[in-house]
């Protein structure tokens, strides 16, 4: 490597690297702090990323792969980028090698500029400080590359995928998350969101309890909480961090109330939404939709026969309603009723005509439909007749308004 | 100011002040610790009050206004009490000036006696200590006066209003809370209930995460939690602090279970109540009432067309029921059913006669009523006939018992 | 006492003790760290046990009683084991006396071996350290014996009972928990699960708030949280510690989701179960059962007329359903419906025949049954006809599968 003095030098160097065998274009990559086990010191418990690169900053990725390859070569090893992912521990030597390439940028680094370089410099600073004090051997700095969206093999890449979802860099349901439950260890998370192996707690229980310093365990789970890793948009509100799992995706303007709500990983909202109910894994909720208190939207693992549910825009799921089918825009499910795949729904002749206006492609040809047959239609208002118990659908006033606006 | 040696001197001094232009009788006032922004150092993020004065201790208020005016005059400014509120930062000089007036009381201060004076002395102590160490510049001590219950202009007065509600000093719905969402900044609250600007977290994310000290964010909200500011009565139980927002009001003997419950600001209970469901903003629940697991009471912003709901005494809202109308005393809504404004309810001739006994002013003149028409009646038992789906109302056994007791 | 050099000496010594008046065989016993009041210094607020002995290690119990008796005798007192329980404070002298007996085992102590001895040694270590520093006078080490399962008289024995339940050492509903609400003080628990008297917070409110160190109160309750005392099995997940009260019992493989779930004390699961709903006090849930989002199972204090509910194996309680009767195995309650003791349920002739196959002892002799009449039957699938509102029961597909497997 020749001395890199400016962007031209840098770009030339990158181009050279990108022709090498040890280079492969990553889909996503980032530096992370991996928390290691106390019982199993070689096991990664969790990983914190501050900067996540998704289809961007490939030049920096190239430089890092070059440095890793140099390091491997010195140890008579080869850097293998043939797998779907690569995770490499960053010691001071590797960090120095990488930072040297970026030295010409250090003066202009800060704020939103060169955040990967900021990350590099801070990792170096932490390593220098900790080598003096040896205060916490329970972590390592690493770099994680995802080259192909296959089954994650490392905790780091599993976290990288959860970050891609929670940072809204990829769409809900667009990543391969198979095997993630098997991969992530089940951990106790304390009052600072630090992970502990349950076995470590067992081994130290007497000492911790008799000293009065047994940690407050906030959760025992394979996943951390969204707010322990993600800084939401300024207009997002999450009134209880327990309610949103890491890997959830929240659109700007979304509010998660603390009553009966929950947003699982690989699910969420795509715009501003009021959430007082449950958004199960795989569920997508559209902008302007209101999930009422205690309303449940079923996930692929609970009652939908594997059909993931999308809820459209401006829908209202009433308090304590249950929705087991996908809905289009401007739909209403009245409070307290359940619309499942098999629920028989009556639609009067008049309402069939009304609904046809906002669902041009659907053939309303009879009185009774199963819930699943109505999947994805717009403007449905599901209600139960309080005098005879009949579940009906009619054109919702929300859709009527929109409909009239079009005239 | 002459030397104040006893209560007579003090009262005379206060009377003199109260004739001055810089005096105005406050509705409420108190000292607070204002937490300031780290990004915007002049912005108040939140305010903690330990002693809140509501239509009381006007003499002390007078002395404080006098001291503030003296301070302002020295700076060739005028103290303006013409607005609806006044918030003033307390530096050591102002504190000394105020404390000097109360010096004759210091010896008898402590416990429940002279709590405002205790507050003054402790603020002075903290300022003295921190001027030595400069350890936390992120706060200021302030005094906040609310002269008129208008739109709050400062975070301090907004908090003062929330305290008035949560300390049960004013009735739910009795304060002007307009504009409070626009006024309060949306913040990340950490494991110690300390507020952080989301922007500050963004600016420090890399450093915090790589050092392993990224805070556990417990919530992101404009409001703090009730239990971070309010010490409830000895017989109040709140099993999860996330469930009660600051500004809620809980009657002595109330229990808030952690399942699906929630109590929003400007809502709550007026006596002992069991709460396992949702009390939306503006809802008032009477003594002896049981809000079953997951039961929802709708708020003015969600399904009641702006009509705030009061629930009477000794009511039972069954598990997963939804109540969208006000109820009188001794009512029952069966588990799993929804009584909304438009729900048609059948009442038999016999039950109309029974209900008339406890609702003398209501004219039961037909079989079917809309939910809203029954608003506020006593002794209603709403149920759904499990063989034909019909929603009915009848006289509840609870009301029968009370009714018989009157014979 | 002669010098104990090996297990033979030890056993001989124990046999001798067991003939003494001061010995009584305990049902359960353990060492604990008792947190004492700050306002009432003699009051135990809570107690942490690291090792709980249930019908085991009676030899060790004997030695401890012997040491306590020696200590009492020296003070011209008598050790009274005639009551249902005994709680004794362990000072350094008593600890030394006990440890001396076990000295021959110290070398092989560690890991899972001799955990009571480990506990003794660590208590001694803590006492030695704290007598130097006097840093926290708010605790005492104690030993608690439960000789008979009667009304608990001490906070320590009340906690011992909660531990027995939460460590799955005794069956749910098998212990006498009468009076536990009256016995346990209502406390504020901070971000570290440390208990505070509400009165102490009141007395220190000004100082704490003005210094910016008012604790984050996580809950105000008589009970602590399960996860503050219990390390669950490796495959148990509890996504929010607020959701499980100390005294709950969770079978291996149980997952408690954070939406609308809750598990009260003296209730829980006996095997792997998915819990997204409420398990009220006294409710027992069988292995393989799925409690859907927001589903409520009523407790003895809320709607079951004092009949505790057991739910069998492989049941499915749909989202937002309400179950007020016991269920056998392989039952389904559809989402959104309520089956209470008085709910009338229609069963067709064909389904009566089907259900009879898995409920040989039950006489299906008519069309309509009250919910309570169907209590405990297997294979019931409760649903509501969405066209006429009728609640029906039929043979569940889950039971059909099992039924066919038997052919």
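Numbers for the structure displayed
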item	result
Label-point separation, residue A:84 to residue B:5 (7 Å along Cα→Cβ), nm	8.9
Using alpha-carbon coordinates, inclination of helix A:198-210 to the longest axis of chain A, degrees	80
Gained length - residue B:112 relative to residue B:356, 0.36 nm times residue gap less alpha-carbon distance	82.8 nm
Using a 7 Å Cα-to-Cβ projection, residue A:176 label spacings across copies, nm, ascending	6.2, 6.2
Residue B:92 versus residue B:131: modelled label distance in nm, points set 7 Å from Cα along the beta carbon direction	0.1
Nearest-0.05 FRET efficiency for residue B:252 and residue A:401, computed from C-beta distance (R0 51 Å)	0.65
Listed peptides B:353-365, C:209-221 by packing density, highest first (mean Cβ within 10 Å)	C:209-221, B:353-365
Alpha carbon centroid spacing (whole Å) that separates segment B:78-109 from segment B:244-260	35
Cα-based shape type of segment C:226-406, given that a ≥ b ≥ c are square roots of the gyration tensor eigenvalues and the cut on a/c is 1.5	prolate
Packing-based order for C:198-205, A:373-380, A:144-151, A:176-183, using average beta carbon neighbours within 10 Å, highest first	A:373-380, A:144-151, C:198-205, A:176-183
Partner chain coverage, peptide B:380-393 - average Cβ within 10 angstrom	6
Cβ-derived FRET efficiency at R0 22 Å, residue B:21 paired with residue B:153, nearest 0.05	0.55
Per-residue average of Cβ from other chains inside 10 Å of A:230-239	6
Euclidean distance of C-alpha centroids, segment B:155-223 and segment B:22-42, integer Å	15
Rounded Å value of the spacing that divides the Cα centres of segment C:323-340 and segment B:318-357	24
C-alpha long axis of helix C:115-133 to longest principal axis of chain C, angle in °	60
Number of partner chain Cβ atoms within 10 Å, mean per residue of B:334-346	6
Other-copy label distances relative to residue A:7, 7 angstrom Cα-Cβ extension, nm	7.7, 7.8
Modelled FRET efficiency - R0 60 Å, residue B:73 with residue B:375, Cβ distances, 0.05 increments	0.60
Compactness index (Cα Rg / 2.2 N^0.38 Å), the protein assembly as shown	1.00
Degrees, to the nearest 10: C:92-102 long Cα axis against longest axis of chain C	80
Kirkwood Rh and Cα Rg combined as Rg/Rh, segment B:7-174	0.95
Estimated 222 nm signal from helices in the protein assembly as shown, with DSSP H stretches of n ≥ 4 weighted -39500 (n - 2.57), rounded to 500	-8000 deg cm²/dmol
Rotation relating C and B, chain B residue nearest the axis via C-beta, angstrom	B:389, 1
Across the identical copies, how the residue C:36 labels are spaced - nm, sorted shortest first, 7 Å along Cα→Cβ	4.3, 4.3
√(5λ) per eigenvalue of the Cα gyration tensor, segment C:73-129, largest first, Å	24, 14, 11
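Only the coordinates and a few stated rules stand behind these numbers; no lab work does. Since we're looking at a predicted model, the values are computed, not measured. FYI the Cβ positions are ideal-geometry reconstructions off the backbone, even for glycines, and counts take in every protein chain you see.
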